[in-house]
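Report on one structure; see the data block that follows.
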C-alpha cells in the first residue's frame with residue numbers, strides 16, 4: 001500500500017458485495033479497484049453531507065443576497081488575497 005494510506009476492515013452484506021463486484025466488473029474495474037471505489041464513494045458522501053449542512057445553514061438567506069456573497073467570495077479568492085493570509 002502507498003504511504004499515507006490506512007487499512008480498514010469493514011463488513012458488508014453478501015448482497016452489497018455482489019452488487020459492488022458486479023458494478024466494478026460492468027465498469028471495467030477489478031476487485032483490486034475496490035479501495036479506490038470505496039474512497040471515491042466516501043469522499044462523495046462527505047462532500048454531499050457538507051453541502052447539505054451549508055444549504056441548511058443558509059436556508060433563510062434570500063437567494064439574491066446569497067448569490068452576492070458567493071460572487072464576492074469568488075472575486076476575493078481570485079484576487080490572490082486568500083494566499084496572503086497564510
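Read-outs: derived from the displayed coordinates by stated rules, not from any lab. Note that this is a predicted model, so its numbers are computed, not measured. Note: ideal-geometry Cβ built from the backbone for every residue, glycine included; neighbour counts use all protein chains shown.
Things to note:
- In a fully extended conformation the segment linking residue 61 and residue 7 would gain 15.2 nm over its present Cα-Cα distance, using 0.36 nm per residue.
- In degrees, nearest ten, helix 14-26 long axis to first principal axis of the chain (Cα): 80
- Listed values (1) 123; (2) 209; (3) 77, entry calculated as volume of the Cα convex hull per residue in Å³: (2)
- Cβ-to-Cβ counts within 10 Å put 34, 46, 24 in ascending order as 46, 34, 24, the fewest first.
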